[in-house]
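Engineer: Right, I'll just put the structure down here and ask away after.
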Amino acid sequence: MELLPRSPGEFGSARYWDRFFRQRGQRPFEWYGAFPELCPVLHKYVRPRDKVLVVGCGNSELSEQMYDVGMCEDIINIDISDAVIRQMQERSGSTRPKMRYLLMDMLQMDFPDAHFQVVLDKGTLDALLTDEEEATLAKVDQMFAEISRVLQVGGRYLCVSLAQAHVLKKAVEYFSQEGWVVRVHQVASSGDKQQFVLPVFVYVMTKFRKIPGSAPQILEICPEEQDKPIRMECAERLVAAVKDRQHYALLCSQISKTPCREQVSLDLCDKESGKPRYTLHVVDSPSVKPSRDNHFAIFIIPQGRETEWLFGTEEGRRQLAASAGFGRLVTVALHREQHYEGMAGIQAELSGKVMELAPPGLPARQQVPFLSVGGDIGVRTVQHCDTSPLSGEYVVEDVKGDGTCYFRRLIFLRNRNVVQSEARLLAPTPLPGQKKRRKDKKKPSPAEPPGAIDKSYLCCEHHKAMVAGLCLLGGPDALPGELAVLVVGLGGGSLPLFVHDYFSEAHVAVVEIDPSMLEVATHWFGFSQGHRMQVHISDGLDYVAKLAAEAPAQYDAIMFDVDSKDLTVGMSCPPPAFVEKPFLQKVKTILKPEGVFVLNLVCRDAQLKESVLATLRDVFPLLYARRIEGEVNEILFCQPSPEGWRDPAELGVRARALEGALRQPGRPWDSSYVLADMLQAVQIL
């Protein structure tokens, strides 16, 4: 039996609907939104004594159910189909005496002005507004004008809709411009997504007298029926918020039926502020053989560790899911701007939402485990946050690492998943006569001063490799004597500090374009200047160009560890201008003939990377490369003369000798830092 119209325009035809309801017979037809789902929203806006008008009623049971539960009895239903009106009069005439069914066109209603407190529309606007042709929009304007006319001031137009973008936009713009309060409710689903995937919404337009002039628009969204409304700044933001929820519903439907071929990521936002609270990644492991207990698990990433390779990259999360032994693992990252009430609080908050991401075949009432490292959510304390004109918003935070170590990190919020600088914190030293805090005592308060910076420890693997590259400097001695070192890019200052402290005759010049970073390094990362350490606030391009013109061949080592502010380029370190041939020739000019130029390259664009390497080879005859395992970083060691060539085995010997010279009695040295290991996988390009 063909019940669908030949064209969308037939949705407005009385002849089509007469034929539709005659063929369908007595079976109620509900577009979408069953009464149990709609009831919580309707109860908020329909009072027992209200006069209610239902436009385009069809043979839906909604009015009958509202009547039967005592929500409201004074209900008038209208429709343009004579067949359905006669059908509904027969069905309800004797059992619901106060409810009426009238044959009437909602575009030309016979009711007096301000006659109703509520106008209810279930799918009628969606059926009418099938396109954005001029004739269709004119009919919709006429519909809205009639609804406005028959509603009292303070009355509510309740429109049940699938909220297609053009439908929602038209309704929101029309009524908000008339001075009405616009609120959009997302209807809580019954959980049966087999029949209908898209979420159902109820627009609630409350009539106010139009105030002359430009009165502020009141636009709100309620994600679920029990939530407080969230204010939106404009109609575009409201439409976008609804669209996000529609995409989420489609995503949940898709991954509930088939495994994810690619990792799916989404943000769950705080209901009050609208800011991201959780970032979820859905990872499927096809290699895991399913059993009753390994279908699905949730992994809470400890605070501050979301940037680690295992948690912060697709490959790492894939490895985590496989090693955890679950067919589907949802990793959950916690945001620094949010407060969390421990693992139990997070589990209570997320348990309902994550079940919407469950895999196909999950047994009914299956307990889904929440996992983490060490069973807790980690520790993150934001010590400082500010905004730099050059670097944008940034934070300095202390986080607990794996085990008992704490680390201080500098994060630029424009790229919040990348640690800009990191330093290990020493445990606070008890004062004389002060006993160590017992385990059963209360934890230190956040106001307690943190431990000092451990300057002997290089947190970043690429910094370790950059220091190891100093063994390329010529000479018979393992430890070079007087060294002139130029470092472009300060960050937290860990790299120049290490060179300064461990190469006791080194003179280090640091170039940093952002004065805010010098303040951060000095105040939060233990950095200080002296006769062997000087910071120059300048653009590295200008500083090198000036040196090349005035004082060539003065540096034994030049190190570039400078990030790009332009995130649209496939190379985040260094900025492209730093690897252009004319500038690299200036770098070569200020480097001594036996010196070494060390570059931290972070480039995801393979074609761009090959171009950079080709340019470097044109300028520097000798080029070594060291990939950092698990990271995009690649450390390049460039020398101006091919006479300095050494095979990788010799580099390992020199690195071990250099490390032995640096390990002086009474000087701390982290046992995990082996210079020879840093050069073990060096390639000659």
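Engineer: Given +1 on the Cβ of Lys and Arg, -1 on the Cβ of Asp and Glu, and no further charges, what dipole in debye does the chain carry about its Cα centre, rounded to the nearest 20?
Structural biologist: Charge dipole of the chain: 1800 debye, to the nearest 20.
Engineer: Based solely on its DSSP helices, what 222 nm [θ] is calculated for the chain when runs of n ≥ 4 H residues each add -39,500 (n - 2.57) and the sum is averaged over all residues, nearest 500 deg cm²/dmol?
Structural biologist: -9000 deg cm²/dmol, from helical runs alone.
Engineer: Which value, in Å² and to the nearest 10, is the accessible area of SER287 when all protein chains are kept and the probe is 1.4 Å?
Structural biologist: 100 Å²
Engineer: Shifting gears a bit: Leaving ligands and nucleic acids out of the surface, order ARG416, ARG231 by accessible area at 1.4 Å, largest first.
Structural biologist: Largest to smallest exposure gives the sequence ARG231, ARG416.
Engineer: Follow-up question, since we're still on this one. Just to check, using Stokes-Einstein with a Kirkwood Rh over alpha carbon pairs, what's the diffusion coefficient of region 130-210 at 25 °C and 0.890 mPa s in µm²/s?
Structural biologist: 178 µm²/s
Engineer: Could you work out the relative contact order of region 459-684, using alpha carbon pairs under 8 angstrom and six or more residues apart, expressed as a whole percent?
Structural biologist: Value for region 459-684: 22 percent.
Engineer: On a 0 to 90 degree scale, rounded to 10, what angle separates helix 82-92 from the longest Cα axis of the chain?
Structural biologist: It works out to around 80 degrees.
Engineer: Name the shape class, rounded, prolate or oblate, that the alpha-carbon gyration tensor gives for region 258-362, where a ≥ b ≥ c are the square roots of its eigenvalues, rounded holds for a/c under 1.5, and otherwise prolate holds if a/b is larger than b/c and oblate otherwise.
Structural biologist: Taking the square roots of the gyration eigenvalues as a ≥ b ≥ c, region 258-362 is prolate.
Engineer: Within 10 Å, count the other beta carbons around each residue, average over each peptide in 458-466, 618-626, 575-583, and list them highest first.
Structural biologist: Averaged packing, sorted descending, gives the order 458-466, 618-626, 575-583.
Engineer: On to the next question. Quick one: pull the percent of accessible area on the chain belonging to carbon and sulfur, 1.4 Å probe, ligands and nucleic acids left out.
Structural biologist: Carbon-and-sulfur percentage of accessible area, whole number: 51.
Engineer: Under a Cβ-only charge scheme (Lys and Arg +1, Asp and Glu -1), can you give me the dipole magnitude of region 258-362 about the Cα centre, in debye to the nearest 20?
Structural biologist: Approximately 260 debye in magnitude.
Engineer: A further question on this structure: Would you check the accessible area of GLU233, probe 1.4 Å, heavy atoms only, in square angstrom rounded to 10?
Structural biologist: Probe radius 1.4 Å; accessible area of GLU233 about 130 Å².
Engineer: Now, a different point. May I ask you to list the chymotrypsin sites (Phe, Trp or Tyr not before Pro) in region 301-330 that are in a DSSP loop and have at most 13 other Cβ atoms within 10 Å of their Cβ?
Structural biologist: Counting only loop positions with at most 13 other Cβ atoms within 10 Å, none of the chymotrypsin sites (Phe, Trp or Tyr not before Pro) in region 301-330 qualifies.
Engineer: For the chain, find the longest principal axis of its Cα atoms and tell me its angle to the long axis of helix 14-24, 0 to 90°, nearest 10.
Structural biologist: Between helix and principal axis, roughly 90 degrees.
Engineer: Taking only protein heavy atoms and a 1.4 Å probe, what accessible area per residue, in Å², does the chain have with all protein chains in place?
Structural biologist: Result: 48 Å² of accessible area for each residue.
Engineer: Based on Cβ point charges of +1 for Lys and Arg and -1 for Asp and Glu, what charge dipole magnitude is obtained for region 331-391 about its Cα centre, in debye rounded to the nearest 20?
Structural biologist: Dipole of region 331-391, to the nearest 20 debye: 180 debye.
Engineer: Which of rounded, prolate, oblate describes region 489-607, given a ≥ b ≥ c as roots of the alpha-carbon gyration tensor eigenvalues and a/c under 1.5 marking rounded, otherwise prolate only if a/b is larger than b/c?
Structural biologist: oblate
Engineer: Apply the a/c threshold of 1.5 to the C-alpha gyration tensor of the chain and tell me whether it is rounded, prolate or oblate.
Structural biologist: prolate
Engineer: Given the whole protein assembly as supplied and a 1.4 Å probe, what does the accessible area of HIS507 come to in Å², nearest 10?
Structural biologist: The accessible area comes out at roughly 80 Å².
Engineer: While we're looking at this one, here's another question. Which of the peptides 147-155, 176-184 is most tightly packed, and how do the rest follow, going by the mean number of other Cβ atoms within 10 Å of each residue?
Structural biologist: Put in order of decreasing packing, that is 176-184, 147-155.
Engineer: Hey, what angle do you get for helix 134-150 against the long axis of the chain, alpha-carbon based, 0 to 90 degrees rounded to 10?
Structural biologist: That works out to roughly 70 degrees.
The values are calculated or read from the model by the stated rules, or taken from the named source; none is laboratory data. Bear in mind the structure is a predicted one, so any value in this text is a computation, not a measurement. Using ideal geometry, Cβ is built from the backbone for each residue, glycine included, and neighbour counts are taken over all protein chains shown. These accessible areas exclude ligands, DNA and RNA; they are computed on the full protein's heavy atoms, side chains included. Shrake-Rupley method; radii C 1.70, N 1.55, O 1.52, S 1.80 Å.
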